[in-house]
Amino acid sequence: MRLVVTLRDWSEKLRFSALGADVFLVHPTGLSGLTPSTFSFEEIQGFIRRCRTEGGFLYVGLNQMIHGKDLPLLETFLQAMVPQPPDAIVAFDLAVLERARAYGLSDRVIYRPVTLNTNSRDIAFFRSAGLKGITLSSTLNPEEWADLARVAAGLEISVFAHGHLDLFYSRRRLLTNHLMRLGIEKREGIQNSEWRLEEETRPGQRLPIWEDDAGTHVFSARKRESFAALRSHSSLLSDAFLDRLFLSDAEYEAALAAYADPRLEAAFWRDFGSGYLPKGAPVPANAGGIRP
Amino acid sequence: MRRPELLAPAGDLERLRIALRYGADAVYLGGQPYSLRSRTAVFPLDSIREGVLYAHSLGKKVYVTVNAVFREEDLLGLRDYLDSLDDIGIDGVIVTAPAAVAEASTHPRMSFHLSTQQSVTNLETVRFWAKTGIRRIVLARELDLGEIAEIVAQSPIECEVFIHGGMCSSYSGRCTLSNEMTGRDANRGGCAHSCRWTYSLVRGEDPLLGAPAFSLGAKDLQAVRFIPALCAMGVASLKIEGRMKSPHYVATVVSVYRRLIDDVMAGRLLALDTYDSLLARGENRPTGPGFFEGIPGPEQQLSDPGAPKPSQSFVAIVEGYDPSLGMATVSQRNVFSIGDLLEHFSPAGELRQFRLIDLRDAEGMAIERASHPQEMLRMSVPWPVEPLDMFRKVN
């Protein structure tokens, strides 16, 4: 199993490698949000070349919904990746897979829609579609990760392992719309990780809210951690994504180090243990009404 | 110009009949398992069979939603359930999960439609799904008219577009806010509509003191002014949301869009305000153009959850009529009284008003006020009426 970290700039790569990261996730400008920084296609090609010589895997994340206006840029991106393909293209939208086929890149695509990938027949469906892998829905618990990974045969299974869960993604400018009503400069709402929502009957439970050019996201109040789960299931999983949005650099690095070296987990909990879902508690996303 | 299908919600058999009588070409309904309205508004197989017989007798169609995002335990019985729907002779299923899409090849008699829960927003994603046996895509509600036209013009399969009703604020199928807030799985029929709750905005550790709370929710969609363009671009189906809505809402909304589509196709379009005002008689929430004109601004948000909502006075639905007495048998739905000015509303679209002068209970005793929900009553009406006609109070 590989530990996947998001890079804010290339200078972090060496440090994250030393802490135990296997894969470096970067995001291309114009086709991604939810990230501290994005990179040009040329820069990404340069990162890929450097990983080839220095070691490490390079993934490119396209984590936004693709609309018609985005398709020409997607085409340009895929063309630009052909000379030195990244180790994976992590896609939120199936348009990426559909166009990647035309460039012989479909076996590099990891489909990561945040929700949706939830059962063994979904896995069989995507295995036949010829992708590299899928990321399981964030609503599944570690036992379900393992059960599904065991039947994946040939399709890589990855999970969202660490950070605030992305609960809600709207194309609407929800934050700037509200700030405009309040007479606050709307730029204050864009790519600003300071904003939180507090529901009126849940004082103290604050949900991070983030807006960028691709829309508005709301995140879980508490963070997921998967130290024990990854230790148990590392042989079944291909990638574990560690997200850094709303985390300090120190917390992110301590988490990465603790995933890579379990002896450091106690130090992580000592220094950064607040704001996480209780250890061993079920993921609060399993109850449904499907069978009344 | 291709005539689009008008597709309406059916929360139960009564609303199925109303939707079809008031002008829908097809209805969609939720089966008992696997639907996103699993707590209410669901049909057991016997009711689906009854609904299909009724619809087919009118030359109309029934689609069944199987649009939950399945967990592993949900797969058990899925194929048997689809077999049962196939045996009943439904016209199509609306699916979300690839696990269900994969069943299309084994059920060729049924048309498989991809739910808006997959949030398809571009032509390339349409092309991906078109190769899987899907025959119709319900496009994401986040598309503007230009984006819809571009997809429809080049899509290898039919496209369906929402034209009226509730809007998810999030891209559908990508939201688990309800899971976080209540433990109810939004994508398996448990959505608690947490986006419509009241929130405060906090920056860092500091609440914005004095700032009004707000909701993430969106106004309902109302697409009257966009119907001519949607017809012209060749959209296969125009869909109304609202399996949980009242019979009066279904009747009002369906009848207005029926008339509007027919008028567009016949080249006799009235001023759009005419349709707007008719539609307003059935609305129970504020409405707007959704994404049809582009990304919505602040005015399209339900920014103030405490703001007054439109209210309607649907009072009774007709069960029968005795022409010798000039009396209708009705089922009461809201309080009304002798002396009230009532409006008669029928599938023919005619609106006529009268003052109520005679109201009787089931035993024929004269009463002043109808105050018991679902009570069967008789009332004088100055002209013949038909079953499923409705009365609303004129304020």
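Using only atoms on other chains, find how many Cβ atoms lie within 10 Å of each Cβ of peptide B:117-123 and report the average.
That average works out to 6.
Mind checking which lysines have their Cα closer than 25 Å to the Cα of A:Lys13? Skip sequence neighbours fewer than 8 apart in that chain.
A:Lys132, A:Lys223
Given the C-alpha centroids of region A:207-227 and region B:175-231, what is the distance between them in whole angstrom?
Centre-to-centre distance over Cα atoms comes out at 15 Å.
Only bridges with both residues in chain B count here: give the DSSP antiparallel percent, nearest 5.
50 percent
At 37 °C and 0.692 mPa s, what whole-number value in µm²/s does Stokes-Einstein give for the translational diffusion of chain A, with Rh from the Kirkwood sum over Cα pairs?
Result for D is 166 µm²/s.
Compute, for region B:314-393, the length of the dipole vector about the Cα centre, with Cβ point charges of +1 (Lys, Arg) and -1 (Asp, Glu) only. Units Debye, rounded to 20.
I would put it at about 240 debye.
I'd like the distance between the alpha-carbon centres of region A:68-124 and region B:20-97, rounded to an integer number of Å.
About 33 Å separates the Cα centre of region A:68-124 from the one of region B:20-97.
Put +1 on the Cβ of every Lys and Arg and -1 on every Asp and Glu Cβ in the protein assembly as shown; which of B:Leu388, B:Gly217, A:Leu131 then has its Cα farthest towards the positive end of the dipole?
Projecting each Cα onto the dipole axis, the largest value belongs to B:Leu388.
Please tell me which of these pairs span more than 25 angstrom C-alpha to C-alpha: B:Lys60/B:Lys239; B:Lys60/B:Lys131; B:Lys219/B:Lys245; A:Lys69/B:Lys245; A:Lys186/B:Lys219; A:Lys69/B:Lys131?
B:Lys60/B:Lys131; A:Lys69/B:Lys245, as the Cα separations exceed 25 Å there.
Tell me the Kirkwood radius of the protein assembly as shown: reciprocal of the mean inverse pair distance over distinct alpha-carbon atoms, in Å.
For the protein assembly as shown, the Kirkwood estimate is 26.8 Å.
Could you give the size of the charge dipole of the protein assembly as shown about its Cα centre, using +1 on the Cβ of each K and R and -1 on the Cβ of each D and E, expressed in debye and rounded to the nearest 20?
Taking the Cα centre of the protein assembly as shown as origin, the dipole is about 320 debye.
Percent relative contact order of region B:314-393, based on C-alpha pairs within less than 8 angstrom and at least six residues apart?
44 percent
Over the C-alpha atoms of region B:314-393, what are the Rg and the largest Cα-to-Cα span, Dmax, in Å?
In order Rg, Dmax, the Cα atoms of region B:314-393 give 11.0, 32 Å.
Summarise the long-distance tail of P(r) for region B:70-184 by giving the % of C-alpha pairs beyond 21 Å.
Result: 44 percent of Cα pairs exceed 21 Å.
Would you order B:Ser111, B:Ser119 from fewest to most other beta-carbon atoms within 10 Å of each residue's own beta-carbon?
Ascending number of Cβ neighbours within 10 Å: B:Ser111, B:Ser119.
Separation of region B:318-380 and region A:129-183 by C-alpha centroid, Å?
One Cα centre to the other: 54 Å.
If every alpha-carbon in chain B counts as one equal scatterer, what log10 I(q)/I(0) does Debye give at q = 0.07, 0.15 1/Å?
Log-scaled intensity ratios, in q order: -0.35, -1.42.
Throughout, read-outs are computed from the coordinates displayed, never taken from laboratory work. Everything quoted here is computed from the prediction, not taken from an experiment. Neighbour counts are summed over all protein chains in view; Cβ atoms, including those assigned to glycine, are modelled from backbone coordinates with ideal geometry.
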